[in-house]
1. Residues that are of a type in the set (V, I, T) and either in a loop (DSSP other than H, G, I, E, B) or touching a residue at least 60 places away in the same chain (Cβ under 8 Å) (or both): does segment 188-201 have at least one?
2. Look through P118, P122, P138 and report the one residue that is touching a Phe, Trp or Tyr at 6+ places or on another chain (Cβ under 6 Å), open to solvent by 20 Å² or more (accessible area, probe 1.4 Å), assigned to a loop (DSSP other than H, G, I, E, B) and of a type outside the set (G, A, S).
3. If I ask for residues that are open to solvent by less than 10 Å² (accessible area, probe 1.4 Å) and touching a residue at least 60 places away in the same chain (Cβ under 8 Å), which ones from segment 380-403 would you list?
4. Got a sec? Which strands (runs of 3 or more DSSP E) wholly within segment 355-447 have at least 3 residues that are under 30 Å from G202 (Cα atoms) and touching a strand residue (DSSP E or B) at 6+ places or on another chain (Cβ under 6 Å)?
5. Of the conditions (1) modelled with pLDDT of 95 or more; (2) surrounded by 18 or more Cβ atoms within 10 Å (Cβ to Cβ); (3) of a type in the set (F, W, Y), Y245 satisfies every one except a single condition; which number is it?
6. For segment 197-213, how many residues meet the condition of being modelled with pLDDT of 95 or more and open to solvent by less than 10 Å² (accessible area, probe 1.4 Å)?
7. Does L338 count as surrounded by 16 or more Cβ atoms within 10 Å (Cβ to Cβ) and part of a helix (DSSP H, G or I)?
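The values are calculated or read from the model by the stated rules, or taken from the named source; none is laboratory data. Treat the numbers as computed from the prediction; the structure is a model and nothing was measured. Cβ placement follows ideal geometry from the backbone for every residue including glycine, while neighbour counts extend to all protein chains displayed. In case anyone asks, the SASA skips ligands and DNA or RNA and just uses the protein heavy atoms, side chains included. Shrake-Rupley method; radii C 1.70, N 1.55, O 1.52, S 1.80 Å.
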Amino acid sequence: MLLRYFYDEKLAHASYMVGCQQKGEAVIIDPMRNIEPYIQVAEKENMTIVGALETHIHADFVAGSRELADRFGAKLYLSDEGDENWKYQNLDGISHQLLKDGDKFELGRLTFEVMHTPGHTPESISFLLTDGAAADKPIGIFTGDFVFAGDIGRPDLLEKAAGIQGTADAGAKAMFKSVERFKKLPDYLQVWPAHGAGSACGKALGAIPSSTVGYEKQFNWAMKYDNEDEFVKALLEGQPEPPYYFAVMKHVNKVGIGLIKDLPPVQTITSIDEVERLVTKGSQVIDTRDAASFARGHIKGTMNIPFNNSFTNWMGWIVDYEKPLYLLADPAQLDEMLIALRSIGIDKVAAYADATDMIQQAQELDSYENVTPLKAKELMEQEDVAVLDVRNLTEYQEGHIEGAQHIMVGTLKNRLDEVPADKKLIVQCQSGGRSAIAASILKANGYHNLVNMAGGYGQWIKDVKN
C-alpha cells in the first residue's frame with residue numbers, strides 16, 4: 001500500500017493519496033483544487049489516479065475532485081447521506097458512486113468502508129481503510145472534518161456561515177452520537193484528518209499531521225464527555241467566527257465550479273495611471289506587500305493583505321466574489337498567489353501589476369503610522385481617541401483595553417458605519433498583523449486619522465499593564 005500526505009499551509013488542509021502498488025492505481029482523499037502535486041507524486045510512484053474521495057461538502061476550500069475527473073476520468077466517491085439539502089449536484093457525465101453508511105469499495109487489495117459521521121455536516125462520512133495484502137482489519141480512518149488531532153469538527157458553520165437557522169444545536173447532538181461511535185473503534189487505528197492547526201473548522205486543532213483512535217480517546221477534550229447536554233454546551237462555546245467565503249465554498253462544492261483550464265488569463269497592468277483609475281472607480285485593488293512596506297507608502301485607496309500563510313483566509317473574508325479583483329504583487333509570487341486564490345474559488349482575478357514598479361511610478365503615496373503600546377497609552381491620555389479592537393470575539397472577551405470597541409477585522413468592511421469618524425483611531429489586534437489589514441481597510445474607506453498599535457494587545461499587557 002502507498003500512502004502519501006499533502007498539506008496546504010495557507011488553508012491548514014490535509015489531503016492524501018492512497019495507492020495499490022500491485023495494481024498501480026491510486027485515489028485522492030479530500031483533494032485540493034490544485035492537483036499538480038498529486039500528479040507529480042503519481043508519476044514518481046508509477047501510479048494512475050483513478051478516483052477521488054470526499055468526506056463531505058467542504059466549506060473552506062474548493063475540492064479538486066472535478067479537476068481529477070476532467071484530467072484523468074477519475075471516479076468520484078461521494079456521500080449520499082443527509083437530507084435533500086446535502087446532495088451533490090451536476091454530476092451528469094462524471095463517473096461517480098454515491099455512498100451510504102456501511103458501503104464498501106475496493107482498489108486492488110485495498111478496501112474502503114464508509115462510516116457515516118454527521119455533526120460537522122449532516123452528510124459527513126469517514127473512510128476506514130484495510131490493506132488486504134497485509135491484514136484483514138483496518139489500519140486507519142480518514143476522518144475529514146469529524147475528528148482532528150486534539151479536536152472535533154464544529155457543528156455551527158451551517159448556521160453562522162450558510163445562514164441555516166437552528167442547525168448548530170442539532171449538529172452538536174449528531175456529533176455527540178458520532179463521537180460515541182468513534183470511541184468504539186479499536187485504539188490502534190490511525191486517524192488521518194483533513195485539517196491541522198489554524199483551520200477555522202474547529203477551535204483547538206493540533207499541529208501534528210495524524211493521531212490514533214486510542215490517543216484521541218484519552219486526550220481529545222471532546223472525548224471526555226458522557227453527557228450529551230454538557231457536550232453540546234462545550235462544543236458550541238468559543239468557536240471562532242467563520243469566514244464569509246465558507247458559504248460560497250458550500251455552494252460551489254455542492255453544485256460544481258468551473259475548471260481552472262477554462263479561466264481567462266490574468267492581464268498585466270504596467271501603468272500607475274491605470275491602477276489609480278481602477279481605484280477611483282471603486283474597483284477591488286489589493287496590495288499584497290508586507291504590512292510594514294504598505295504602511296510606509298501605498299497607493300491611496302488600495303487595501304493591504306500581505307501574501308503570507310494568512311493570505312487565503314483574509315482574502316476569503318474581504319474580497320467580493322462578484323467583482324473583478326486586481327492585485328499589486330511581486331511577479332515572482334503571482335503563480336503561487338493564483339493557486340491560493342483559486343483554492344477558495346476567487347476566480348475573477350482580472351489583472352495584476354508589479355507592486356514595486358507601481359510604487360516607484362506613483363507621484364503621491366499614502367501612509368499610516370505604527371505606534372508602540374506606550375505611545376498609544378499617551379495618545380489615550382492626551383487626546384480624544386477611540387480604540388478599535390479587531391481580534392476574534394473570544395480573544396476580546398478574554399481581555400481587552402478598557403473602553404475598546406470590538407469589530408472583528410473580517411467583518412470591518414461591512415460595519416464601517418459603526419466606526420467613529422470624529423476621533424483619532426487606535427487600531428489593535430493581538431500582535432499587530434490583523435490590525436494592519438484593518439488599518440488599510442479603514443484608510444481605503446476614508447478614515448485617515450488613525451494609527452496601528454504595533455505589538456498589539458500582547459505587547460500592551462507586557463508594556464502597559466505590567
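1. Initial filter on segment 188-201 (of a type in the set (V, I, T)): 191.
Restricting the remaining residues to those that are either in a loop (DSSP other than H, G, I, E, B) or touching a residue at least 60 places away in the same chain (Cβ under 8 Å) (or both) gives none.
So far as segment 188-201 goes, no, none of its residues is of a type in the set (V, I, T) and either in a loop (DSSP other than H, G, I, E, B) or touching a residue at least 60 places away in the same chain (Cβ under 8 Å) (or both).
2. Values: P118 fails: touching a Phe, Trp or Tyr at 6+ places or on another chain (Cβ under 6 Å); P138 fails: touching a Phe, Trp or Tyr at 6+ places or on another chain (Cβ under 6 Å).
Result: P122 is the single residue among P118, P122, P138 that is touching a Phe, Trp or Tyr at 6+ places or on another chain (Cβ under 6 Å), open to solvent by 20 Å² or more (accessible area, probe 1.4 Å), assigned to a loop (DSSP other than H, G, I, E, B) and of a type outside the set (G, A, S).
3. So in segment 380-403, the residues open to solvent by less than 10 Å² (accessible area, probe 1.4 Å) come out as 388-391, 401.
Result: D389, R391.
4. Numbers: elements: 369-371, 385-389, 424-428.
Here the list reads 385-389.
5. Answer for Y245: the failing condition is (1).
6. Total meeting the criteria: 1.
7. Values: surrounded by 16 or more Cβ atoms within 10 Å (Cβ to Cβ): yes; part of a helix (DSSP H, G or I): yes.
Yes.
Okay, residues lined up against (1) of a type outside the set (D, E, K, R); (2) more than 18 Å from I318 (Cβ to Cβ):
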position	(1), (2)
Y368	yes, no
P373	yes, yes
E398	no, yes
G403	yes, yes
D417	no, no
L425	yes, yes
Q430	yes, yes
R434	no, no
A438	yes, no
